[in-house]
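The values are calculated or read from the model by the stated rules, or taken from the named source; none is laboratory data. If you're wondering where the values come from, they're calculated on a predicted model, not measured in any experiment. A quick note on method: Cβ atoms are made from the backbone with ideal geometry, for glycine too, and the neighbour counts reach across all protein chains shown. Keep in mind that these areas ignore ligands, DNA and RNA; they rest on the heavy atoms of the full protein, side chains included. Shrake-Rupley method; radii C 1.70, N 1.55, O 1.52, S 1.80 Å.
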Amino acid sequence: MPLPTGRPAATLRGFRPGDVPFVATIVAEALHERYDPGLYSSLSEEWPEGFLVAADSRDVPIGFLLGVNQVAGEARVLMFAVDRTRRNEGIGTWLMDAFLERSRLRGFRRLTLEVRVSNATAIRFYTRYRYSVVDLLRGYYSDGEDGYQMARDL
Ligand SMILES: CC(C)(COP(=O)(O)OP(=O)(O)OC[C@H]1O[C@@H](n2cnc3c(N)ncnc32)[C@H](O)[C@@H]1OP(=O)(O)O)[C@@H](O)C(=O)NCCC(=O)NCCS
């Protein structure tokens, strides 16, 4: 599926094990977290359609959204990031639109996510998607920062 903005070729596809090093690099830079490489494949197993990857013309991941289904009827956005050099091109919107579509197809009624209280860019993005703050999560992040839980109905 091509990027609808008409920007340089990019495709939206499912996660593949070979994506791990690229996804891990985006996570380290954008989310300041490092996870066991095996985590990505194991998280993708239960709901593979919930792990979306945007890849460039060489099929290298430039953004991804990892959604999981841990609570009945709900999808949770566990990780969501776009490579720093490719932001504000519509790739995040593309990923979130596809995620909403897949969540609806799967029959989920609610979406949830967590975000750092300082992450104004992401909070604005989510607010545009009608997510709203439902809880303050004190000391949620490993460095002690508070988080917001945000949610929206489908
Ligand atoms: C949040 C994030 C994933 C959004 O990804 P993105 O690819 O930049 O998202 P988009 O390009 O679709 O939208 C970003 C902005 O660019 C605008 N935009 C979209 N397409 C555009 C285009 N073709 N030209 C100009 N602007 C555009 C959008 O309207 C949006 O505006 P906003 O800032 O008012 O929300 C990205 O900022 C990111 O990776 N942040 C770091 C990681 C992070 O914080 N993740 C969330 C953790 S909970």
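For region 58-121, which fully contained strands (runs of 3 or more DSSP E) count at least 3 residues that are more than 10 Å from the chain's Cα centre (by Cα) and within 21 Å of Leu43 (Cα to Cα)? Steps first, please.
Values: elements: 61-71, 74-82, 110-116.
Once the strands (runs of 3 or more DSSP E) in region 58-121 are filtered for at least 3 residues that are more than 10 Å from the chain's Cα centre (by Cα) and within 21 Å of Leu43 (Cα to Cα), what remains is 61-71, 110-116.
Of the residues contained in region 49-61, one or more are found to be of a type outside the set (S, T, N, Q), under 22 Å from Ser132 (Cα atoms), buried (at least 18 other Cβ atoms within 10 Å of the Cβ) and touching a strand residue (DSSP E or B) at 6+ places or on another chain (Cβ under 9 Å).
Considering (1) within 16 Å of the ligand (Cβ to nearest atom); (2) in contact (Cβ under 8 Å) with a residue 40 or more places away in the chain, the lone condition that Gly63 does not fulfil carries the number (2).
Among the residues of region 122-136 satisfying the criterion of being in a strand (DSSP E or B) and not charged (D, E, K, R), which is farthest from Gly50 (Cα to Cα)? Before the answer, list the steps.
Residues of region 122-136 in a strand (DSSP E or B): 132-136.
Filter once more, keeping what is not charged (D, E, K, R): 132-134, 136.
Numbers: Ser132: 21, Val133: 22, Val134: 23, Leu136: 25 Å.
Result: Leu136.
Inside region 102-121, residues that are within 19 Å of Val53 (Cα to Cα) and open to solvent by 60 Å² or more (accessible area, probe 1.4 Å) make up a count of 4.
Looking across Arg138, Arg128, Arg116, Arg86, one residue alone is farther than 26 Å from Arg13 by Cβ and within 12 Å of the ligand (Cβ to nearest atom). It is Arg116. One residue stands out among those in region 122-154 that are among the aliphatic types (A, V, I, L, M) and touching a Lys or Arg at 6+ places or on another chain (Cβ under 7 Å): the one that is least open to solvent (accessible area, probe 1.4 Å), which is Ala151. A Cβ distance below 8 Å, combined with a sequence gap of six or more or placement on separate chains, defines the contacts here; from region 137-154, residues that are under 17 Å from Thr127 (Cβ atoms) reach residues that are small (Gly, Ala, Ser) in the pairs Met150/Ser132; Ala151/Ser132; Arg152/Ser132; Leu154/Ser103. Within region 79-102, residues that are at positive phi reach partners that are among the charged types (D, E, K, R) with beta carbons closer than 9 Å, at six or more positions or on different chains, in the pairs Gly90/Arg7.
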